[in-house]
1. Of all residues in segment 706-722, how many are free of Cβ contacts under 8 Å to residues at least 40 places away in the same chain and under 15 Å from ASN678 (Cα atoms)?
2. Please enumerate the residues belonging to segment 273-306 that are crowded, with 18+ Cβ neighbours inside 10 Å and of a type in the set (A, V, I, L, M).
3. Just to confirm my filter: which strands (runs of 3 or more DSSP E) fall fully inside segment 754-810 and include at least 3 residues that are loosely packed, with under 15 Cβ neighbours inside 10 Å?
4. Across segment 476-515, what is the number of residues that are part of a strand (DSSP E or B), farther than 30 Å from GLN538 by Cα and free of Cβ contacts under 8 Å to residues at least 60 places away in the same chain?
5. Collect the residues in segment 432-447 that are buried (at least 16 other Cβ atoms within 10 Å of the Cβ) and in a helix (DSSP H, G or I), keeping them in residue-number order.
6. Residues ILE595, ILE591: which one is within 30 Å of GLU692 (Cα to Cα), of a type in the set (Val, Ile, Thr) and in contact with an Asp or Glu (Cβ under 6 Å, 6 or more places away or on another chain)?
7. Please tell me if GLU653 is of a type in the set (D, E, K, R) and surrounded by 13 or more Cβ atoms within 10 Å (Cβ to Cβ).
8. Do the conditions hold for LEU808, that is, is it among the aliphatic types (A, V, I, L, M), under 21 Å from TYR837 (Cα atoms) and in the same structural domain as GLU727 (by TED's automatic domain parsing)?
Amino acid sequence: MKSTGIKIASKNILHILIILIFNSFLAPLNAQNTAENKVITSSVTPADTVRLQSEQLSDIVKTKADSERNDFQHKMTYLNKNAQVKYQDMQIDADYIRIDWRKNEIYARGEVDSTGRIIKPAIATQAGKSYEYNDFQYNYKTRQALAYNARTEESEGVIVAQKTKKYNDSVFFMRRGLFTTDEYFLKKKDTAADYHLLAPTIKLIKGKENSQVVTGPIQMYIEQVPTPLILPFAILPFSDKRSAGILIPSFGERQDVGFFLNSFGYYQPIGEHFDVKVMVDFYTKGSWNIRPETNYVKMYRYNGNFAADIGSTVRGIKGLDDYSKVNTYRISWRHSQDTKANPLLNFSASVDLVSSKFYNNTINNNYIFNQNVLNTQQNSTVSVTKRFLTLPVTITGTASYSQNFSSGLADLRLPQINVAVNQFYLFKPRTGVREGLLENITVNTGLNFTNFANTGEGEMFTEAMWDKMQTGLRNNITLGTNTNIARYFTFSLGANIDNALTTKTLRKTYNPITNTVEDNFNNKIGGYSVFSTNASLQTTLYGTKIFKAGSAIQGIRHMVMPSIGFSYRPDFGTPGFGYFSSYYDAAGSNIPYSIFERGIVGSPSSGMEGAVNFSIGNNIEMKVRSKNDSTGTKKIKIFEALNIAGGYNLAAENNKWSVFTVNGQSSFFDSKLSLNSNLVIDPYENVFVPAENRVVRTENFGRFNIQGFNLQLSYPLSDLIFGEKEELDKKYSTKGEIRNENYYFDDDNYARFHQPWTLNINANYGYNRGGSLFGNTVASVGVDGSIQLTPYWNINGSTHYDFMTQELAYTRVGFSRDQRSFTINFNWVPFGQYKVYDFFIGIKANILQDALKYKDRSFTQPNAPF
């Protein structure tokens with residue numbers, strides 16, 4: 001028993017000695033830790049909390065992992081598998097985390113496979129924003145970090161950098177970083193982006209409301225292939241607000257001016273309501289173009305823009321005969337007012353001032369592709385309209401400028417004031433319901449004041465222009481009334497009165513020396529008053545033919561709308577009115593003319609008119625049997641309209657009958673094929689007079705001859721015409737995983753998808769005698785259309801063939817390719833005066849539409865809020 005007690009006592013003493021020795025070993029370390037106030041409590045539970053006082057850290061460091069180990073001697077903590085560290089607003093999730101308490105550093109690494117390749121990245125989340133890394137090192141005291149293969153999402157894009165240094169919570173420096181907005185790469189459906197922008201150095205600046213990336217030289221890659229699109233720097237804004245940025249150009253070649261970069265420039269927003277962009281075009285043969293533009297908008301008030309197009313077009317080689325250099329300009333202003341801004345006062349402007357050779361010598365390819373180069377006239381208008389709450393009057397003030405590039409002349413109207421009185425009834429009804437001719441009399445009247453000058457381009461606002469200026473004042477009064485007669489007839493009466501004043505009248509004289517008729521304007525106020533009356537009677541007649549039951553044609557309906565009228569106008573060419581004068585020509589003939597010819601207020605007509613006019617309108621429809629219609633029948637329009645019109649002037653001395661006109665409109669194949677035609681027939685014989693080189697109308701009635709006709713045909717074709725749209729999702733069960741999953745696959749693994757296409761055919765054939773022996777014939781056909789070869793390939797084009805010249809006119813071919821996060825467009829005019837091709841790449845993401853613009857696009861649509 002004694003020996004046993006000795007053994008137990010010796011064991012207890014040994015345990016006490018071990019405890020004492022262990023405590024003596026830990027005493028210095030515990031004393032040191034207590035002195036430094038670092039680690040107060042520690043455990044190895046799955047959710048470990050390390051408390052640190054405010055002198056070193058301002059919050060609690062929380063750790064969690066499947067396996068956690070603390071090395072107290074070296075002041076290290078190791079976390080393995082599903083490791084997590086939380087400190088303030090920072091959370092780190094990784095496969096492996098190491099904490100060095102002495103250096104205040106946290107090292108995290110993603111999950112690796114057997115070869116050492118990262119297969120799952122480490123994730124750091126700060127203030128709700130996540131960042132992915134292969135591995136990184138973070139100092140929780142200075143809040144600085146160093147990361148490798150970091151990936152961060154910003155707005156619609158993602159940045160991946162080989163090496164990233166976090167300077168503070170707002171500034172990141174990156175080396176060899178790429179940026180892309182590819183949705184598949186963003187969602188990790190694809191390991192490689194379809195495009196990216198690569199820069200050797202990147203600075204990411206994060207703000208409270210927005211962020212931006214500033215780079216050094218940056219290059220665009222498509223499907224990992226470098227492109228020649230390189231910029232010296234870039235600023236990418238990550239904000240819903242407008243931001244400044246480079247405008248990416250398109251490039252191509254034109255035969256006349258060489259290779260080019262088109263629409264390269266810079267975009268700059270100014271405040272809340274303005275922006276400015278400047279674009280430049282460069283051509284290898286020396287041509288250039290600069291296009292500044294500013295847009296402005298105020299929500300629910302107005303919007304508009306100013307733009308200029310100034311350039312120099314160089315063709316040929318200097319010193320040779322084919323060399324030419326033409327300077328051109330175009331200045332435009334657009335302004336529109338929201339109808340909600342002021343219903344009673346409206347201001348609008350559409351101004352285009354261009355040099356006479358602008359469209360023939362423009363180097364802006366946009367004018368070629370949209371066919372503006374075919375313009376022969378340019379119009380500009382600025383107008384103000386005032387309405388009143390209590391007055392039935394509308395006042396419109398207008399300034400207009402019209403340029404004719406063929407003649408080189410321009411019409412200037414400044415100012416032009418029109419006062420229009422709303423239509424009103426002359427007599428008040430006795431019973432509340434208007435009946436009879438008197439109670440239905442309506443009056444329309446107004447006043448028009450105009451200053452007008454027809455001048456050359458170089459005479460604008462010079463003394464020569466002011467000498468040509470004419471001032472005119474015109475008033476028009478129109479009376480009209482109608483009533484029903486015998487229930488089926490409508491009887492109408494009308495009268496028209498014109499009053500005019502002008503500051504200039506015309507005097508014609510024959511100059512025997514030059515053998516010409518000279519026009520001279522007198523600075524003398526003159527005026528005229530003319531009037532005319534008319535009456536008409538019209539009705540509608542119906543005729544129906546029903547066929548036997550079982551017949552393919554079940555019935556035909558013919559609707560006839562006859563009308564007969566009478567018009568009267570005195571002869572204002574008699575000397576008593578004083579509106580006409582005369583001169584003697586080379587043959588001694590007395591030639592009458594109106595002293596108001598070529599004037600601003602128009603000219604009265606000579607010769608009395610007492611004419612009987614008639615017109616017959618027709619509409620013919622046919623009802624046929626149809627198995628495709630639910631009713632079993634279908635209507636076919638043989639003639640939607642067939643109108644015949646003519647007249648007989650009782651007061652005329654010669655050629656009492658007018659020409660007869662026939663107009664027809666029809667459609668076939670379920671209204672797809674549209675056919676319009678018109679025919680002009682002269683009932684008198686026409687004889688060609690060689691001495692006068694013209695055709696003269698004789699008194700030989702009944703020798704009908706065609707003076708002109710025109711036939712227009714249009715037929716829009718599409719895939720829907722030849723069958724219903726195939727419902728792929730119901731027919732095929734296998735759905736493709738290509739891009740937006742628009743592909744379906746049949747049992748043989750062939751891709752099935754919709755291939756919509758359109759083909760519009762327009763044809764025109766016409767003849768106009770025009771007082772000549774042979775007349776003029778036109779015959780042409782035009783085709784335009786598009787086809788979607790695949791869900792992401794589209795080809796479109798248009799052409800026009802003139803059968804008389806046997807030449808193809810303006811022809812354009814283009815294609816577009818949807819590349820998931822950007823588009824590629826190509827346009828080509830293969831021949832003609834403006835032989836050109838144009839190629840550009842456009843980013844889809846909204847975040848790059850201001851910073852990397854790829855087309856001539858404004859920052860907002862009319863009346864759209866910011």
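The values are calculated or read from the model by the stated rules, or taken from the named source; none is laboratory data. This one's a predicted model, so the numbers in the text were calculated from it and none came from an experiment. Don't worry about glycine lacking a Cβ; one is built from the backbone with ideal geometry, like all the others, and counts go over all protein chains shown.
1. 0
2. MET279, VAL280, VAL297 - these are the residues of segment 273-306 that are crowded, with 18+ Cβ neighbours inside 10 Å and of a type in the set (A, V, I, L, M).
3. In segment 754-810, the matching strands (runs of 3 or more DSSP E) lie at 776-790.
4. Looking only at that region, the number is 2.
5. Of everything in segment 432-447, just one residue is buried (at least 16 other Cβ atoms within 10 Å of the Cβ) and in a helix (DSSP H, G or I), namely GLU439.
6. Among ILE595, ILE591, only ILE591 is within 30 Å of GLU692 (Cα to Cα), of a type in the set (Val, Ile, Thr) and in contact with an Asp or Glu (Cβ under 6 Å, 6 or more places away or on another chain).
7. no
8. When the stated conditions are applied, LEU808 passes them.
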